[in-house]
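Here's the structure we're looking at; comments come further down.
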Amino acid sequence: MSASAIPLTVLTLFWIIVGCVLPFVIPKGPNRGLLQVVLMLTAACCWLFWLCCYLAQMNPLIGPKLSSRTLMLMAKQWGNGIDDLN
């Protein structure tokens, strides 16, 4: 399984718009700078969180569940000498 280019591109463009375009659309006011920083940080954090979750699916940490018979066959084949796995 490999990463698809379409979701990566679409979501990256979405968060670029939120973080780079929307801060310039904020109307003038006393908190304009704060709102711009909030939008940029929100976009960066949300994009990074999404990217980590998306890429974590490429190499999951949870392995397959093997039956006792399969484990015993593997142990016999590898020469570990396990008599019984229950």
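The values are calculated or read from the model by the stated rules, or taken from the named source; none is laboratory data. Computed from a predicted structure; not experimentally measured. Heads up, the Cβs are rebuilt from the backbone with ideal geometry, glycines too, and the neighbour counts pull from every protein chain shown.
Given the condition more than 17 Å from the chain's Cα centre (by Cα) and either surrounded by 12 or more Cβ atoms within 10 Å (Cβ to Cβ) or not hydrophobic (A, V, I, L, M, F, W, C) (or both), answer yes or no: does some residue in the range 39-57 qualify?
Of all residues in the range 39-57, those more than 17 Å from the chain's Cα centre (by Cα) come to 39-41.
Remaining after also requiring either surrounded by 12 or more Cβ atoms within 10 Å (Cβ to Cβ) or not hydrophobic (A, V, I, L, M, F, W, C) (or both): 39-40.
There is at least one residue in the range 39-57 that is more than 17 Å from the chain's Cα centre (by Cα) and either surrounded by 12 or more Cβ atoms within 10 Å (Cβ to Cβ) or not hydrophobic (A, V, I, L, M, F, W, C) (or both).
Specify the residue that is modelled with the lowest pLDDT; the eligible residues are those in the range 51-86 that are more than 27 Å from I6 (Cα to Cα) and of a type in the set (G, A, S). Filtering the range 51-86 for residues that are more than 27 Å from I6 (Cα to Cα) and of a type in the set (G, A, S), the one modelled with the lowest pLDDT comes out as G81. Given (1) out of contact with any helix residue (DSSP H, G or I) (no Cβ under 9 Å at 6 or more places or on another chain); (2) farther than 30 Å from P60 by Cα, where does T9 come up short, assuming only one miss? Status for T9: all satisfied but (2). One residue is enough: does the range 12-22 have a residue meeting the conditions under 15 Å from the mean Cα position of the chain (by Cα), on the phi < 0 side of the Ramachandran plot and of a type in the set (V, I, T)? Yes: one or more hits.
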